[in-house]
Amino acid sequence: MNDIAALYLLESLKSFKGLKSNAEKAFSQISDNDFHYSTSLESNSVAIIIKHLAGNMISRFTDFLTTDGEKPGRNRDGEFSDAFQSKEEIIAYWEKGWQCLFNAINALKEDDLSKTVYIRNEPHTVLRAIHRQLTHYAYHCGQIVFLCKQIKAEQFKSLSIPRGESNKYQNEAPKP
């Protein structure tokens with residue numbers, strides 16, 4: 001079991017890093033002002049999505065094994081208002097959230113995966129809590145990528161295989 005547990009932690013960490021990297025590749029393509037763009041009053045901007053993600057990470061992964069993931073001091077509703085003054089402030093908060101997550105995941109031991117943690121008073125195994133956050137962050141990082149693609153339109157540089165080039169990549173793939 002410990003080999004599988006260690007592999008799960010390693011693969012989860014890789015997946016989190018991949019999400020972070022894709023979102024950063026997307027938002028590196030937009031202007032400072034574009035971070036605050038939203039399609040409507042009910043839509044979130046890249047800045048707001050980042051604020052929500054980082055707020056969630058800080059709440060969930062601070063004292064991960066010992067306190068409820070929904071911290072009393074978290075202002076979740078406040079995460080959906082854009083009070084950032086600069087791109088640097090946005091990025092600093094983004095990095096703070098990810099650092100909190102990475103510190104918590106890196107500190108876990110294989111035996112921790114079966115321990116119980118709480119999110120909003122609901123019990124989760126550590127494994128389930130990690131999986132829950134991985135899917136949540138994938139959802140929001142996907143929103144960031146989509147929004148950046150909408151902002152940049154035809155100037156957006158693909159984060160994977162560009163349209164019309166699948167055969168090129170398929171033919172270059174190593175054969176088993």
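So which of Glu122, Glu89 ends up being modelled with pLDDT of 95 or more, more than 17 Å from the chain's Cα centre (by Cα), within 19 Å of Ser31 (Cα to Cα) and of a type outside the set (S, T, N, Q)?
Result: Glu89 is the single residue among Glu122, Glu89 that is modelled with pLDDT of 95 or more, more than 17 Å from the chain's Cα centre (by Cα), within 19 Å of Ser31 (Cα to Cα) and of a type outside the set (S, T, N, Q).
Looking at Asn106, is it open to solvent by 80 Å² or more (accessible area, probe 1.4 Å), under 19 Å from Leu19 (Cα atoms), in a helix (DSSP H, G or I) and of a type outside the set (Asp, Glu)?
yes
Of the conditions (1) crowded, with 16+ Cβ neighbours inside 10 Å; (2) part of a loop (DSSP other than H, G, I, E, B); (3) in contact with a helix residue (DSSP H, G or I) (Cβ under 6 Å, 6 or more places away or on another chain); (4) not β-branched (Val, Ile, Thr), Asn44 clears all except one; give me its number.
That leaves (3) as the condition not met.
If I ask for residues that are under 21 Å from Tyr137 (Cβ atoms) and surrounded by 15 or more Cβ atoms within 10 Å (Cβ to Cβ), which ones from region 26-37 would you list?
Ala26, Phe27, Gln29, Ile30, Phe35, listed by residue number.
Take the residues of region 1-17 that are part of a helix (DSSP H, G or I) and of a type in the set (A, V, I, L, M): which is surrounded by the most Cβ atoms within 10 Å (Cβ to Cβ)?
Per the stated criteria, the residue is Leu9.
I'm trying to understand the selection: among the residues of region 63-80, which are under 24 Å from Val46 (Cβ atoms), open to solvent by less than 60 Å² (accessible area, probe 1.4 Å) and not charged (D, E, K, R)?
Gly78
Tell me yes or no: at least one residue of region 133-143 is over 15 Å from Ile48 (Cβ atoms) and open to solvent by 70 Å² or more (accessible area, probe 1.4 Å).
Within region 133-143 (the criterion being over 15 Å from Ile48 (Cβ atoms) and open to solvent by 70 Å² or more (accessible area, probe 1.4 Å)), the answer is yes, since at least one residue qualifies.
Each row is one residue, and each column tells you yes or no for (1) part of a loop (DSSP other than H, G, I, E, B); (2) farther than 14 Å from Gln133 by Cα; (3) modelled with pLDDT under 95.
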| position | (1), (2), (3) |
| --- | --- |
| Leu19 | no, no, no |
| Ile30 | yes, yes, no |
| Thr39 | yes, yes, yes |
| Ile49 | no, yes, no |
| Met57 | no, no, no |
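Free of Cβ contacts under 8 Å to residues at least 24 places away in the same chain, open to solvent by 40 Å² or more (accessible area, probe 1.4 Å), in a loop (DSSP other than H, G, I, E, B) and polar (S, T, N, Q) - does that describe any residue in region 88-101?
Checking region 88-101: not a single residue is free of Cβ contacts under 8 Å to residues at least 24 places away in the same chain, open to solvent by 40 Å² or more (accessible area, probe 1.4 Å), in a loop (DSSP other than H, G, I, E, B) and polar (S, T, N, Q).
The values are calculated or read from the model by the stated rules, or taken from the named source; none is laboratory data. Values in this document were obtained by computation on a predicted structure and should not be read as measured data. Backbone-built Cβ (ideal geometry, glycine too); neighbour counts: all protein chains shown. Surface areas here come from the heavy atoms of the whole protein model, side chains and all, with no ligands, DNA or RNA. Shrake-Rupley method; radii C 1.70, N 1.55, O 1.52, S 1.80 Å.
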